[in-house]
Amino acid sequence: MIRENAPFIRKDLVDYLENNKIATRMLFGGNLLKQPAYEGIKYRVIGSLDNTDRVMNDLFWIGVYPGLTKEMIDYILSKFQSFMGGYE
């Protein structure tokens, strides 16, 4: 999840990773009430949905699976370090 005070947005990091052949996926979740399927449906909300909005807007997955080699993991880490280094 992207930190609230990060100097970049999720799209910036996701685009960078994808351009460097690191697969990403958005989490299907967060504030489901903002999904078109809920338009016109009665529902009740208790409390703030700020955290669900954060999940919806700031969280993503990177492509990992048990077959990743150390070299692949090192490559992923190097790309994160390279991206973050631009904001130091």
Complete set of residues in region 51-61 that are of a type in the set (A, V, I, L, M, F, W, C) and surrounded by 14 or more Cβ atoms within 10 Å (Cβ to Cβ): Val55, Met56, Leu59, Phe60
Segments classed as helices (runs of 4 or more DSSP H), wholly inside the chain, with at least 2 members that are charged (D, E, K, R) and within 12 Å of the chain's Cα centre (by Cα): 10-19, 50-58
Scan of region 74-88 for residues that are exposed (fewer than 10 other Cβ atoms within 10 Å of the Cβ) and hydroxyl-bearing (Ser, Thr, Tyr), ordered by number: Tyr87
Flag if Leu68 is more than 21 Å from Asp15 (Cβ to Cβ) and surrounded by 10 or more Cβ atoms within 10 Å (Cβ to Cβ): yes
Residues located in region 14-38, provided they are farther than 30 Å from Phe83 by Cα and either at pLDDT 90 or above or in contact with a Pro (Cβ under 9 Å, 6 or more places away or on another chain) (or both): none
Any hit, region 34-50, residues being surrounded by 14 or more Cβ atoms within 10 Å (Cβ to Cβ) and either in contact (Cβ under 8 Å) with a residue 24 or more places away in the chain or under 19 Å from Arg3 (Cβ atoms) (or both): no
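The values are calculated or read from the model by the stated rules, or taken from the named source; none is laboratory data. For clarity, every value in this text was computed on a predicted model and none was experimentally measured. Please note: Cβ atoms are built from the backbone with ideal geometry, for glycine as well, and neighbour counts cover all protein chains shown.
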